[in-house]
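Below is one structure; the comments refer to it alone.
Since every read-out is calculated from the coordinates, none of them should be taken as a lab result. This is a predicted model, so every value here is computed, not measured. Note: ideal-geometry Cβ built from the backbone for every residue, glycine included; neighbour counts use all protein chains shown.
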């Protein structure tokens with residue numbers, strides 16, 4: 001099955017492939033989804049780049065602690081999608097390959113270590129329209145309809 005791809009690959013640009021794993025987590029009432037708001041006001045799903053030889057699960061667990069200060073239980077795999085984009089923070093072109101997982105809230109173990117990341121709980125419809133990366137919005141839609 002081909003991977004769904006968002007964004008446009010610009011001719012003559014060199015893209016850095018960045019595999020990543022992301023968390024889709026609904027609260028107990030199932031009416032709000034966890035998102036991370038960065039200091040510049042952008043919204044992202046919790047998660048991020050896979051480091052070294054991490055498994056998807058190891059990446060998700062590490063990112064949950066870094067960004068939300070909580071443990072999670074990794075659940076079902078939702079799917080994979082990718083996005084071509086230019087990072088205005090790093091001044092580089094990336095092909096982000098996101099692997100998305102439904103996760104359950106675990107124990108709050110402390111404060112997030114990433115000081116410019118803030119956990120927000122918002123309605124899925126708002127998340128879909130507000131997430132910075134289109135492949136993350138795609139994953140929210142897919143998780144709600146599977």
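Residues 118, 85, arranged from fewest to most other Cβ atoms within 10 angstrom of their Cβ, appear as 118, 85.
With respect to the chain, whose longest principal axis is taken over its alpha-carbon atoms, helix 56-68 is tilted by about 70°. Across the alpha-carbon set of segment 33-79, the Rg to Rh ratio works out to 0.97, Rh being the Kirkwood radius. Measuring nothing but alpha carbons in segment 1-77 and taking Rh as the Kirkwood radius, the Rg to Rh ratio lands at 1.02.
With the gyration tensor restricted to C-alpha atoms of segment 1-46, the semi-axes of the equivalent ellipsoid amount to 29, 16, 10 Å, longest first. Residues 87, 137, 96, arranged from fewest to most other Cβ atoms within 10 angstrom of their Cβ, appear as 87, 137, 96. Ordered by the number of other Cβ atoms lying within 10 Å of each residue's own Cβ, fewest first, 74, 8, 141 fall into the sequence 8, 141, 74. Dividing the convex hull volume of the alpha carbon atoms of segment 85-146 by its residue count gives 128 Å³ per residue. Principal-axis analysis of the Cα atoms of the chain puts helix 134-145 at an angle of about 50° to the longest axis. When DSSP beta bridges are restricted to pairs lying wholly in segment 1-139, around 65% turn out antiparallel.
How large is the helix-only mean residue ellipticity at 222 nm for the chain, computed as the sum of -39500 (n - 2.57) over DSSP H runs with n ≥ 4, divided by its residue count, in deg cm²/dmol to the nearest 500? Using -39500 (n - 2.57) per qualifying helix, the result is -6500 deg cm²/dmol.
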